[in-house]
Every structure is written in structure tokens, then in C-alpha cells.
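What follows is a short report on a single structure.
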Amino acid sequence: MTVTEKPVGYLSTIDAKVAYLSDLADIRALLAKYCRLVDSRDAKAVAHGAFSADGVDDHGLYGQRYRGRDAIEEMFTRSNETTENSAHFISNSVIDIDGDRATARTYVTGWTWLWHTGSSGNVRPADWIFTGIYVDSFERVPDEGWLISERVVEPLGPGATGWGRRPEAYVGAAGVAPTN
């Protein structure tokens, strides 16, 4: 998918420019909100606060495809059983808005700490650091605002791992398949 963020100058009226910039700010806020919700470990808030009712979360290399808020909540609940904590950082978002729909490509770096390494103390290196791209489709939902209608996580770079290996403890959690 090609995503190009249009310069505001292409819009013909000040009202159109303000509406476009408002939508852009709302979508950027949603991207950040998703990361905060995942890192807060509140699976229900992730599913219901970031995704549309029939939204899709597809972790690709990192997991499976889930459709609907209940399935997404269940996936994050299972992931929390293995993952003690995480920290997601996003950058380089390019967003294209077309009425009540939008698309984006956003770089993500995720740091993961697993429960089984907790005996190493509260302050310790991450067990795994990954890099990827969130390839998102959004929809404006009445009374809810902008929400993710589909997210596909693509690897960024060979193996998409910045540190360590995908923990074997992830196999079976959140639908993650064994490493090839």
C-alpha cells in the first residue's frame, strides 16, 4: 500500500484545511493512545478504545489475525499472561485521509519484558526489542471518532529484531507460531 500525506496547501478553503488538520491530529492521538493502552496492560481498553467494533488486528510475523473487539481483547489478555511489561514507541507516521476513512504507515519499536525473567529484578534489560511498521486503516465511527478498522504489523529490517530473539514463551500466547 502506498501512503502519501498530502500537504495542507492542496485544500481549497480554510474550513477544509482546519477539518483536515483536526482529523490528522485525532488520528495521531489515536496512534499514541493505542501504544499507551497496550503498555497499560488493559486488554479491554485496547480492544474497545482503539479498534472499531469489527476491527482487525493482524500481528503478521508476530502472531495471527483477530477480528472484532472480543477477539482482540482475548488476544491481549493472553499476551499479558506471558508479558510482564512493554513499551511501544512510534514515529515517522504518514497519514492519508479521505473523508471518513484514512490509512497510515507508522514505524514502531517495542520493548518487551517477560514474567519468567522477573527474578532478575525490577530494573533489567528488555528481553526482546522488535522493530516494525503499523499499516493501518481507520474509520470515523459516529459517537466514537476515529478508530482502527485494520492493523497489520509488518517487520522492519531483517528479522525485525533489534535485540534478543522473539521469546519462545510467546509461542502459543497471543496466537504466536513457532519460529521457523
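In a shell of Cβ-Cβ distance under 11 Å around Ala53, excluding Ala53 itself, what net charge do Lys and Arg (+1) and Asp and Glu (-1) give?
Working: positive: Arg67, Arg69; negative: Asp54, Asp70, Glu139, Glu144.
The answer is -2.
If you line up the Cα atoms of the stretch 1-148 on their principal axes, what length do they span on each, largest first, in Å?
Dimensions of the stretch 1-148 along the principal axes of its Cα atoms: 60, 29, 24 Å.
Sort Arg69, Arg101, Arg140 so the one with the fewest other Cβ atoms within 10 Å of its own Cβ comes first.
Values: Arg69 21, Arg101 13, Arg140 18.
The most exposed by this proxy come first: Arg101, Arg140, Arg69.
Could you tally the net charge around Leu37, taking each other residue with its Cβ under 14 Å from the Cβ of Leu37, Lys/Arg +1 and Asp/Glu -1?
On the way: positive: Lys33, Arg36, Arg41, Lys44, Arg69, Arg151; negative: Asp39, Asp42, Asp57, Glu73.
So the environment of Leu37 carries a net charge of +2.
Restrict the search to the stretch 100-150; then list the GluC sites (Glu not before Pro) that DSSP places in a loop and that have at most 16 other Cβ atoms within 10 Å of their Cβ. All intermediate terms of the calculation are to be shown ahead of the outcome.
Values: sites: Glu139, Glu144, Glu150; in loops: Glu144.
Passing both the DSSP loop test and the Cβ count: Glu144.
None of the figures in this text is laboratory data; all of them are computed from the coordinates on show. All of these numbers come straight from a predicted model, not from anything done at the bench. All Cβ positions, even for glycine, are placed from backbone atoms using ideal geometry, and neighbour counts span all protein chains on display.
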